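Report on one structure; see the data block that follows.
The values are calculated or read from the model by the stated rules, or taken from the named source; none is laboratory data. Here the structure is a predicted model, which is why all the values come from computation and not from measurement. Virtual Cβ from ideal backbone geometry, glycine too; neighbours counted across all protein chains shown.
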Amino acid sequence: MPPGSRSVVTGHANVAPAGAKALEIEVIGHQWWWEVRYPARSSAHDVTTANEIHVPVGRAVRLQLSSGDVIHSFWVPNLHGKKDLIPGRRTSQVFHVEKEGTFRGQCAEFCGYQHAHMGLVVFAESPRLFEAWLDRQRRLASEPAGGAERHGREVFLSSPCVLCHTIRGGGAFGHKAPDLTHLASRTTIASATLPNTPGHLAGWVTDPQSIKPGNRMPPNILAANDLDDLVSYLRSLR
């Protein structure tokens, strides 16, 4: 492990084995969510997700931290101390995790009205499970399997959602909000505010302001069958 990195178990600095290379992850803070990128040698293999970070146990992880708007602070108490994200600057944080587990994180710098609901989750898993997850995340969105999902994709592409969100392989190319290519693989929505269930997803799509007032996602008025099919489509994005 690079000098100065910290272990989730010992809390002390360690030295990486010779030749060890840290996993590079980019984390960008936004009001009020986290953009997470896993850059690859080829941009075609880059992975972009949101609010959940997967890391392999036993390997150093270097987070490249930046902000897309105001000052934020990345803090996962059981992994490392907090690190500020400052607009126009890039900071970094190095750590490694010695055992599998799930770790809750939070923005630790007041960043506006929904600061308290800017959470994240870190999943530490075996190298085998991590590589399998990363491989799935590199894939394009799956094609809708049935009529409801196909109609749901049509609803999505004809709605304001398409202006802000990306679905790689699904015809959506927005860059102002979380990438939804593999939304259904995440355990939470709204920056770890709600479990990722069909009911919560429907509520978030139709009336996000009642859940996180002041966030930048507008309400969506949809007929009941359109909403049901849209949720079916989003739930298929694994």
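Within the stretch 153-210, the residues that satisfy the criterion of being of a type in the set (Ser, Thr, Tyr) and either more than 17 Å from VAL231 (Cα to Cα) or within 14 Å of the chain's Cα centre (by Cα) (or both) are THR166, THR181, SER185, THR187, THR188, SER191, THR193, SER210. The single condition among (1) within 28 Å of ILE167 (Cα to Cα); (2) more than 17 Å from the chain's Cα centre (by Cα); (3) buried (at least 16 other Cβ atoms within 10 Å of the Cβ) that HIS115 does not satisfy is (2). Identify all residues within the stretch 137-184 that are in a loop (DSSP other than H, G, I, E, B), touching a strand residue (DSSP E or B) at 6+ places or on another chain (Cβ under 7 Å) and of a type in the set (A, V, I, L, M, F, W, C); write none if there are none. Within the stretch 137-184, ALA141, LEU180 meet the criteria.
Looking across the stretch 60-86, the residues that are part of a loop (DSSP other than H, G, I, E, B) and surrounded by fewer than 18 Cβ atoms within 10 Å (Cβ to Cβ) come down to GLY68, ASP69, VAL70, ILE71, PRO77, ASN78, GLY81, LYS82, ILE86. Within the stretch 157-177, residues that are in contact (Cβ under 8 Å) with a residue 24 or more places away in the chain and under 14 Å from THR48 (Cα atoms) reach partners that are surrounded by fewer than 19 Cβ atoms within 10 Å (Cβ to Cβ) and hydrophobic (A, V, I, L, M, F, W, C) with beta carbons closer than 8 Å, at six or more positions or on different chains, in the pairs THR166/PHE173; ARG168/LEU140; GLY169/LEU140; LYS176/LEU163; LYS176/CYS164; ALA177/CYS164. Could you please let me know if LEU134 is in a helix (DSSP H, G or I), under 20 Å from ARG62 (Cβ atoms) and not assigned by TED's automatic domain parsing to the domain that holds ARG216? Yes: the conditions hold for LEU134.
Any idea how many residues of the stretch 38-57 are loosely packed, with under 15 Cβ neighbours inside 10 Å and either aromatic (Phe, Trp, Tyr) or not in a helix (DSSP H, G or I) (or both)?
Looking only at the stretch 38-57, we keep the residues that are loosely packed, with under 15 Cβ neighbours inside 10 Å, and these are 39-45.
Next, from what is left, pick out any that are either aromatic (Phe, Trp, Tyr) or not in a helix (DSSP H, G or I) (or both): 39-42.
The number of residues fulfilling the criteria is 4.
For the stretch 126-158, a residue qualifies if it is of a type in the set (Ser, Thr, Tyr) and modelled with pLDDT of 95 or more, and the qualifying residues are SER126, SER158.
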